[in-house]
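This report refers to the structure that appears directly beneath it.
What follows draws every value from the coordinates through simple rules; no lab data is involved. For clarity, every value in this text was computed on a predicted model and none was experimentally measured. Cβ atoms come from the backbone with ideal geometry, glycine included; neighbour counts cover every protein chain shown.
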Amino acid sequence: MSPSQQYLKTKDVLQATGISHQVLYRYITMGLVEELKTQEGGNRVFSSETIPVIQLIKKLNQSGYTLRDIKDIFFKEGRLEKLKERGQS
């Protein structure tokens, strides 16, 4: 993690993305989103890079892709990283 990245709590991720706790949990269990760590008391901590990933998932899902499709197409073989690189160019 680079020094410019921030750690985000679950509530910060939920507020920034507009998803529910249940949707975030589904993304985590499906392997679409990863938490950095779980703190004492069960609080999850995420990278600031989680926000654009969730926004991409939401956009693709609203376009008609199922979550399984999104995982199979975009989260295998580093395709998500390639999409991120294109977005930064």
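Data for the structure
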read-out: Cut-off 19 Å (backbone N to label point 7 Å along Cα→Cβ of ALA16), residues of region 24-44; value: 24-29, 31-39, 43-44
read-out: Order of TYR7, TYR27, TYR65 under a 10 Å beta carbon neighbour criterion, fewest first; value: TYR7, TYR65, TYR27
read-out: Unit charges at the beta carbon, dipole of region 7-88: most positive-side option, GLN22, PHE74, GLN62; value: GLN62
read-out: Karplus-derived HN-Hα couplings along region 36-52 (A = 6.51, B = -1.76, C = 1.60, θ = phi - 60°), whole Hz, x at Gly and Pro; value: 6, 6, 10, 7, 4, x, x, 6, 8, 10, 10, 7, 5, 5, 5, 4, x
